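Taken together, the values in this text are just the output of simple stated rules run on the coordinates, not laboratory data. Since the model is a prediction, treat every value here as computed from it, not as a measurement. When we count neighbours, we look across all protein chains shown, and the Cβ atoms used for this are built from the backbone with ideal geometry, even at glycine.
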There are 2 protein chains.
Amino acid sequence: MVNRGVAADHVALRRNNLSVVLRHVHDLGPRSRARIAEETGLNKATVSSLVAELVERGLLREGSADSSRALGRPGQLVELDGTGVCGIGAEINVEYLAVVALDLAGNVVHEKRVPVDVAHLGPGTTLDRCAELVREAVDAVDARQGRLAGVTLAVPGLVEGETGELKLAPNLGWSELSVAKEMRSRLGEPTYPLQVDNEANLATLAAYGELREADALHDLVLLTGAVGVGGGVVSGGQLLRGARGYSGEVGHMPVAPDGQACGCGRTGCWETVVGLTALLRKATDPDNPVRDPSLDVERRLAAVVERAEAGDVRTLEALTEVGTWLGVGGAILVNILNPAALVLGGYFAVLGPWLEEPLDKALRQRVLAADGGGCRVVRSDLGFGAAVRGGAQICLDQVFADPTQLGES
Amino acid sequence: MVNRGVAADHVALRRNNLSVVLRHVHDLGPRSRARIAEETGLNKATVSSLVAELVERGLLREGSADSSRALGRPGQLVELDGTGVCGIGAEINVEYLAVVALDLAGNVVHEKRVPVDVAHLGPGTTLDRCAELVREAVDAVDARQGRLAGVTLAVPGLVEGETGELKLAPNLGWSELSVAKEMRSRLGEPTYPLQVDNEANLATLAAYGELREADALHDLVLLTGAVGVGGGVVSGGQLLRGARGYSGEVGHMPVAPDGQACGCGRTGCWETVVGLTALLRKATDPDNPVRDPSLDVERRLAAVVERAEAGDVRTLEALTEVGTWLGVGGAILVNILNPAALVLGGYFAVLGPWLEEPLDKALRQRVLAADGGGCRVVRSDLGFGAAVRGGAQICLDQVFADPTQLGES
DNA sequence: CTTAGTTTGTTGGATCAACAGACTAAGTCC
DNA sequence: GGACTTAGTCTGTTGATCCAACAAACTAAG
């Protein structure tokens, strides 16, 4: 059934079917009980019983009458009751802290982002500030009388799957830090679940959440471009985490033999040719103000966009070059993983209009399967808020998977 | 969550629990009903009922008394009844056709391998010969009064997931061929399921089957070395197939910029530095007989092993070089996928003793996570029979997933 | 305004699978 | 031989789904 090979009883059966109905309404929108029964294969009477329990639990609610059918008694629409439950995603990144609270329907209940120089502050103070942000978000959820499904904290580094320990975050300058434990103690050992996850993985989940609604798309690779380059993989509808949760480290694939030296000590890593620094090096003179690393990322990007739109040849050439390099590395990923979509996130999304063409061309040249194995290049419009969204979403997903885990409202 | 909960009823519940008990006995060996109940969390009475049904279906059988416990009434052991059900795996490869029939316990019931020059024969005749092999295997299963769970055919090429159509098999010189349909018609439209799958994927499943019994290992990458280099990925216990089933094409990752020209038209592909041809080029003179491509692979390998064991410096250097290149490409895979094991199959396994050290070293240098992300390098001892084994296994897995799908014996 | 036809959602009974606990069976230990 | 322990079966209960009948609500047509 839902969990491969775990003994099940009628409680598990009921839980499974509650989940099926809740997800069905979430994915496909408001509909009558009769229609749910028809579409899921459950009996009408069973659907009535399941819907009643989900309404009881504050996850569904009765809507208006359905007048779409011409004949017969109109159905009573059943719709998602978003307000009942919320999930919170928070993020510690090099230049900012962020938090978002989403309700079950995916609406933003609370959102905040503060610029911070994490490397300067150090772990202790940063975690203090982050805990403060989370507390505000929890208060906002409480104020709306929402129940909290959980909090997920995104960090740009290697997070050990089991323990939630941060092994290594080169861009923060942190290592071997039990972030989950530190946060729990700062939040006063909260009762809601708190987990820590890799930033790129969570951004990938967020992108998957957006895309699967449009298409029936269950295999994708996300590339998040910042100073470094991160990646995440969804395969068969499942986030690929790897044995310890260290998956998706694509930034240091050796692709450019004669390339620049990389922060990791080697030369020619992918991020030395497609990272933001590389783009700016190619597009501008050394004394250009956009090269100043202390300037915030959005500002520097805006400058590049402006030059590109103005038709600056050097900028356009640099973008084409980066796009081609993206295709070179992207082809490796596509050959290994055969995704249905290669999603551009972070700064790649912003510059997508100029990157896509050379990227697509390079990809098609280098992927063994004809037509790139059917892989499309897509821009994510979630911007730098993808990771927090994914973090909140992962908490809500647990409610969809088991609607009984939260007590009744 | 592609298997996003399907509506379930008591039949599905029963099916699930039958599967749990059957898998439990398969994975952990013979044990009493009481012990199964304790370990699975099912009720003793329920286990008795489930075991009775599985015995009825010819999948389990009553064994001897369990005298391992000192006190109390000894239990009646329940064990896998291997003989009841069989799966068949067949393979079409460049130099040979092969078939194997396995019973539920994984024992070889029938096995055959014939050298064939597929490129010379062409698809029609090759499929005729292959169908003949399958028919022999089916007869062998029938002779043992085993029921046939299905047949899986392995081919070295891109197999479209949904349709089972072979899109491209460069090493065979085939393309756009509906192998599944051709085989079904040659076998007289059989009633058992017949599927077609990628050779490397099936070999990966076979390797996973071997390893997961020893360790609790659910993330691995298999590298099969032959003239080309293939790969397969298991992540979270699930074979990674990709959107269309084209995953695992690792042979053409660009790693060696100044490398040899590759059959694919580019230069520096991974298989140009780690393929068998590359090894022989480095280890031997151009006029050496082992370079003769018409010689069979095992013979050529034996020659290399002999030289290495004799301490031939040139051979040892070539092996070190190939091992290092294996690590360079392997590091890309490990960074992306974070497997618990990198499994060497095909010719890599044979030469493992000489490849592992430089491979391991290169890997550790280039993987971002400390200690290679915990990735071990392991040799598969399945040799060139891995794919057929995996093919048979995949049929048997379906029986384990749904023990009711075959009628009672 | 009436009647026929259609669709929705509920009700009560049947079925089925798991569970709990009592009970019998079959050994060991003293 | 009796106390003790563990295995497996039997019986009755619980709970979830399914089925079929039915009431409710609405449209269409005469």
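Dipole orientation for chain B: of the candidates B:A131, B:L97, B:S235, B:S235 has the Cα lying most toward the positive pole (charges on Cβ; Lys, Arg +1; Asp, Glu -1). Over all other residues within a Cβ to Cβ distance under 15 Å of B:G225, the charged ones net out to -4, with Lys and Arg as +1 and Asp and Glu as -1. Counting from the shortest, the label point at A:G383, 7 Å from Cα toward Cβ, is 6.2 nm from the same position in each remaining copy. Put a plus charge on the Cβ of each Lys and Arg, a minus charge on the Cβ of each Asp and Glu, and nothing anywhere else: the dipole of the stretch A:214-380 about its Cα centre is then about 420 debye.
Dipole of the stretch A:320-409 computed with +1 at Lys/Arg Cβ and -1 at Asp/Glu Cβ about the Cα centre; of A:W325, A:A386, A:L344, farthest Cα towards the positive end is A:W325.
For the stretch B:138-183, the alpha carbon positions stretch 39, 22, 14 Å along the principal axes, listed from largest to smallest. Placing +1 on the Cβ of every Lys and Arg and -1 on the Cβ of every Asp and Glu, with no other charges, gives chain A a dipole of roughly 820 debye about its Cα centre. The distance linking the stretch A:226-298 with the stretch A:101-130 is 23 Å (Cα centroid to Cα centroid, whole angstrom). Overall, the stretch B:112-256 carries a charge dipole of about 160 debye about its Cα centre when +1 sits on the Cβ of Lys and Arg and -1 on the Cβ of Asp and Glu, all other atoms neutral. Run the numbers on chain B and let me know its relative contact order in percent, using alpha-carbon pairs under 8 Å that are six or more apart. This gives 17 percent for chain B. Annotation for A:H120, label-to-label distances across the other copies: 7.4 nm (shortest first, one decimal, point 7 Å from Cα along Cα→Cβ).
Only lysines eight or more places from A:K181 in sequence, or on another chain, were considered; those with a Cα closer than 25 Å are A:K112, A:K167. Cα convex hull, chain A: 171 Å³ per residue, rounded to a whole number.
Take A:E56, push a point 7 Å out from Cα through the beta-carbon direction, and compare it with the same point in every other copy: 3.4 nm, smallest first.
With contacts taken as Cα pairs under 8 Å at a separation of at least 6 residues, the stretch B:316-409 carries a relative contact order of 34 percent.
Think of the protein assembly as shown as having a plus end and a minus end, set by charges on the Cβ of Lys, Arg, Asp and Glu; of B:L295, B:A207, B:C395, B:C395 sits farthest toward the positive end of this dipole.
Measuring nothing but how far apart in sequence close Cα pairs (under 8 Å, 6+ apart) lie, relative to its length, the stretch A:214-380 scores a relative contact order of 24 percent.
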